[in-house]
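Here's the structure we're looking at; comments come further down.
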Amino acid sequence: MMDKKKLRSQEWFGGNDKMGFVHRSWLRNQGYPDDHFRGRPVIGICNTWSELTPCNGHLRDFAEIVKKGVLEAGGFPLEFPVTSMGETIMRPTTMLFRNLVSMDVEESIRANPLDGVVLLTGCDKTTPSTLMGACSVDLPTLVVPGGPMLNGRFRGDCIGSGSFNWMIKTKQKTEGFSAEDLLEAEICAARSSGHCNTMGTASTMATMVEALGLTLPGASAIPAVDSRKKVMAQLSGRRIVAMVKEDLRLSKILTRQAFENAIVVNAAVGGSTNQVIHLTAIAGRIGVELRLDDFDKIGSKIPLLVNLMPSGKFLMEDFFYAGGLSVVLKELGDRLHQNVITVNGKTLQENNERAACYNREVIATIDKPFKPEAGIAVLKGNLCENGAVIKPSAATPALMKHRGRAVVFESMEDYHERIDDPNLDIDESCVIVLKGVGPKGYPGMPEVGNVDLPEKLILKGVKDIHWRKKCCGSLAKSACRRQWASSVILSPSRSLPTAGLS
């Protein structure tokens, strides 16, 4: 066992005085044996499980698996709940609650006798929010991503749980999609536990934490219901105990080089532009300076190596079978800082040097990428005073430069009232502008069910249109909407020079 003086938890459990008695005595009502209080590292299992967060509905079981690993390694696991955020359920948007959850996590860790922490995450904001909170305390911390759902299967086709929803309106208006069809598709799209199986925000956040070095190698792409995910959870429980003994804290892993790696990897996998919002917040919590221009400078010229929706045609299950993120990390080679340390105590290069690809339709080589330059690019112009970012990998080439008349909606209510009005003065060359949408105030920036194409254009067969969101808060949103992909989003406020913006 470790020297008791090195364990933070011994400030609660190590004393033979009144307060030591109090802290141990009340926990004994759950049946813990005496040796659990006598120098074992106490591991907090931060659980974002909730039946109101569909993507995280399986994490209650996963907590027990992590506990098993902690006990095997000689630790004392104690699970604690924090506020959970279900992207598909909460209104108006989980972004309004991200910082609240980060405070919940931070104070739960700080106020309790914990020596290390395992974060159980899944749905979009549950990953950055818990990590932000943990960074503010800076204990040894390891992330166990909940994993994506299995591929949706609908009438012989693969459908994405985070992409098919964008096609519903078109199918109803132009293909005679009935209520019975809709019910069958609902059941088929989300057919297992786990988060969305596209490279949307949830998969992007899981990819991000592996690229940062905060998960065991290969953890991010394993489907939630694959037995190997359970093995990874148990091994994570063992590893966090060793991290406490090594004093391998977040601040030792989350260096500037690690954040640069995350930017490069996000570009290579066609990840969500929401990474900009969350990665800068995480960097701020750990004390690493990360600016908007860094995403352009570091990531905009990176080739697209992964053929996943919304930038391609496959899903996360296919990505895992093809070799997962380890293959991408190996392919990127010297574009990454390969010598950064990760949670298992090894470098990024050591973790992935034996990675092998089993399907080049899903993961390309660095010499023959799916797109040569597909990373997030920063735009500066008079439409976005604080700067905007665009994701070329998910937009058609025709949307990369566009000039058109603006059709402006003053509010979300105004949009819903007029968008399908047959008398709406709009055509396929127009730009939809939705005002008042951002992380401050109503309606926030919802990921699901946001802006659809006008009915009159759908009936004409239009599938692509520009849309932009403008807000007066610290962040606005701007995008090119395809049937199932938003491809541009504004980043957090930065003082940027203005110029022409196409």
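Can you spot a residue in region 247-267 that is buried (at least 24 other Cβ atoms within 10 Å of the Cβ), outside any helix (DSSP H, G or I) and at positive phi? Checked against the condition, which is being buried (at least 24 other Cβ atoms within 10 Å of the Cβ), outside any helix (DSSP H, G or I) and at positive phi, region 247-267 yields no hits at all. The condition (being at pLDDT below 95 and within 26 Å of Ala377 (Cβ to Cβ)) is satisfied by just one residue among Leu292, Leu254, Leu212, Leu279: Leu292.
For region 1-100, please list each of the helices (runs of 4 or more DSSP H) lying entirely inside it that holds at least 2 residues being more than 27 Å from His195 (Cβ to Cβ) and outside the structural domain of Gly146 (by TED's automatic domain parsing).
Details: elements: 10-13, 18-27, 59-72.
Fully inside region 1-100 and qualifying: 10-13, 18-27.
Gly200 satisfies every condition listed in (1) buried (at least 23 other Cβ atoms within 10 Å of the Cβ); (2) at pLDDT 95 or above except (2).
Hey, which of the helices (runs of 4 or more DSSP H) in region 140-237, taking only ones fully inside, have at least 3 residues that are assigned by TED's automatic domain parsing to the domain that holds Gly323 and of a type in the set (Val, Ile, Thr)? It would help to see each step written out before you state the result.
Details: elements: 168-174, 179-189, 201-211.
Ranges flagged: 201-211.
Taking region 15-59 as the region of interest, how many residues are of a type in the set (Gly, Ala, Ser) and in contact (Cβ under 8 Å) with a residue 24 or more places away in the chain? Result for region 15-59: 4.
Being over 22 Å from Lys230 (Cα atoms) and buried (at least 20 other Cβ atoms within 10 Å of the Cβ) holds for only one residue in Gly39, Gly86, and it is Gly86.
Just one of (1) in contact (Cβ under 8 Å) with a residue 60 or more places away in the chain; (2) outside the structural domain of Thr201 (by TED's automatic domain parsing); (3) touching an Asp or Glu at 6+ places or on another chain (Cβ under 8 Å) fails for Ile363. It is (1).
Scanning region 103-132 for residues that are outside any loop (DSSP other than H, G, I, E, B) and touching a residue at least 40 places away in the same chain (Cβ under 8 Å) yields a total of 16. Could you say whether any residue in region 352-368 is of a type outside the set (Lys, Arg), buried (at least 21 other Cβ atoms within 10 Å of the Cβ) and closer than 30 Å to Val244 by Cα? There is at least one residue in region 352-368 that is of a type outside the set (Lys, Arg), buried (at least 21 other Cβ atoms within 10 Å of the Cβ) and closer than 30 Å to Val244 by Cα.
Look at Ala398 and say whether it is assigned to a helix (DSSP H, G or I), over 30 Å from Gly333 (Cβ atoms) and either in contact (Cβ under 8 Å) with a residue 12 or more places away in the chain or polar (S, T, N, Q) (or both). Step through it out loud before you land on a result.
On the way: assigned to a helix (DSSP H, G or I): yes; over 30 Å from Gly333 (Cβ atoms): yes; either in contact (Cβ under 8 Å) with a residue 12 or more places away in the chain or polar (S, T, N, Q) (or both): yes.
When the stated conditions are applied, Ala398 passes them.
Among the residues making up region 394-411, those that are at pLDDT below 85 and either among the basic types (Lys, Arg) or crowded, with 20+ Cβ neighbours inside 10 Å (or both) are Ala394, Ala395, Lys401. With the structure loaded, tell me whether Asn112 is more than 20 Å from Ile240 (Cα to Cα), in contact with a Leu (Cβ under 9 Å, 6 or more places away or on another chain) and not hydroxyl-bearing (Ser, Thr, Tyr) or whether it fails that test. Criteria not met by Asn112.
Here Ala322, Ala356 are screened, and the one residue that is in contact with a Gly (Cβ under 7 Å, 6 or more places away or on another chain) and modelled with pLDDT of 95 or more is Ala356.
For region 223-233, the criterion of a residue being over 22 Å from Ala322 (Cβ atoms), at pLDDT 95 or above and crowded, with 24+ Cβ neighbours inside 10 Å is satisfied by at least one position. Residue count for region 349-382 satisfying the condition of being in a loop (DSSP other than H, G, I, E, B), of a type in the set (S, T, N, Q) and under 13 Å from Leu332 (Cβ atoms): 1.
Whether any residue in region 58-75 is within 30 Å of Pro223 (Cβ to Cβ), of a type in the set (Lys, Arg) and in contact with an Asp or Glu (Cβ under 8 Å, 6 or more places away or on another chain) is what I want to check. For region 58-75, residues within 30 Å of Pro223 (Cβ to Cβ), of a type in the set (Lys, Arg) and in contact with an Asp or Glu (Cβ under 8 Å, 6 or more places away or on another chain): present.
Within region 368-388, one or more residues are at pLDDT 95 or above and farther than 20 Å from Met309 by Cβ. Taken over region 76-103, the criterion of being at pLDDT 95 or above and touching a strand residue (DSSP E or B) at 6+ places or on another chain (Cβ under 9 Å) is satisfied by Phe76, Pro77, Leu78, Glu79, Phe80, Pro81, Val82, Ser84. Scan region 341-351 for residues that are surrounded by 21 or more Cβ atoms within 10 Å (Cβ to Cβ) and aliphatic (A, V, I, L, M) and the total you get is 2. Where helices (runs of 4 or more DSSP H) sit wholly within region 270-330, those with at least 3 residues that are crowded, with 24+ Cβ neighbours inside 10 Å occupy 274-286.
The values are calculated or read from the model by the stated rules, or taken from the named source; none is laboratory data. Computed from a prediction, not measured in an experiment: that's the story for all the values here. Here Cβ is always computed from backbone atoms with ideal geometry, including for glycine, and neighbour counts include all displayed protein chains.
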